[in-house]
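Here is the structure we will look at, set down as structure tokens.
Any read-out appearing in this document is the output of simple, stated calculations on the displayed coordinates, not a laboratory observation. What you see is a predicted model, and the numbers here were worked out from it, not measured in a lab. Neighbour counts run over all protein chains shown; Cβ positions are idealised from the backbone, glycine included.
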Ligand code: TA6
């Protein structure tokens, strides 16, 4: 298992995680953002736009942006907060993962891990906080991400926040993708002024723009890529909601850092805290986690493997 700090083509710092069977992951210090997760065959499992801008203050379009302390634009801060537009630091407390020469190994266990931290500074948010993120590439290629928010206010003030791991998954063709696990749930539709509806389908498929916040979403959500015969399973803790987003063609064209046809090859499934913000008193800490795994999935007479996957069989 190795973890190393390198520069990307744009000269930005990123940490590369490797595990012995060949899977890798990359985390940019800018935004504390996972920007790549590849399986042992070198296949990229996350979507990163070919037009992504690796230059502050623009957020990197793709991977796993961290939306904190505000999801969306419902509040006083910029869209999706500022955590994704800040440079995070390697967290040396807990003990440094990377040694001074920028490489190191995790002798402690079979995983490759990096710890990052974002501390409050002169942000437009009048609170002291520490956000710690641990990204772990497990032996065999599963990717785990734990994020902790601590209120470090000294003025005895609580603060509330919403948060999401805005994960962009790579898919072969959005028209051949189903999402399992969110059926029958109540959701807020961002395309209809966040009005509430109940999901009717027996799974979610795509034939146009989708921007929905599912409330009280289950621990496990499956993204079934028919063409690739691959299912990505998202396991989440601490995030009661889940956002599903595909911009489709019109919105894709309107985004300068997104290719016109790239909507065909991505879907966002985002563990989130949206409906009920988290409130922390000074000294209190919140923790959320997502774990991503890619499993083979095949169809037989229309029965979806993910049903088994979701039930953990
Ligand atoms: O998660 C879905 C969403 O809130 C959409 O409404 C869309 O705005 C998307 O996030 C991307 O937001 P961004 O600020 O990264 O362009």
| task | Report the convex hull volume per residue for segment 135-211, counting only C-alpha atoms, in Å³. | result | 167
| note | Checking rank on 50-56, 182-188, with mean other Cβ inside 10 Å and highest first, the result is 182-188, 50-56
| query | Under Stokes-Einstein, with the Kirkwood radius over Cα pairs standing in for Rh, what whole-number D in µm²/s applies to segment 2-310 at 20 °C and 1.002 mPa s? | reply | 108
| Which residue, 130, 122, 209, has the most motion in a Gaussian network model of the chain that connects Cα atoms within less than 10 Å? | 122
| task | Would you list the P(r) distribution for segment 184-229, with all Cα-Cα distances sorted into 5 Å bins from 0 and each bin expressed as a whole %? | result | 5, 18, 25, 29, 14, 7, 2, 0
| query | Got the relative contact order for segment 111-189 handy, in percent, Cα pairs under 8 Å and 6 or more residues apart? | reply | 21
| remark: Note to self, the chain gives a 222 nm [θ] from helices alone (DSSP H runs n ≥ 4, -39500 (n - 2.57) apiece, / all residues, nearest 500) of -1000 deg cm²/dmol
| message | Normalised radius of gyration for segment 230-270, please: alpha carbon Rg relative to 2.2 N^0.38 Å, two decimal places. | response | 1.42
| query | Taking the radius of gyration and the Kirkwood hydrodynamic radius from Cα positions alone, what is the Rg/Rh ratio for segment 147-190, to two decimal places? | reply | 1.17
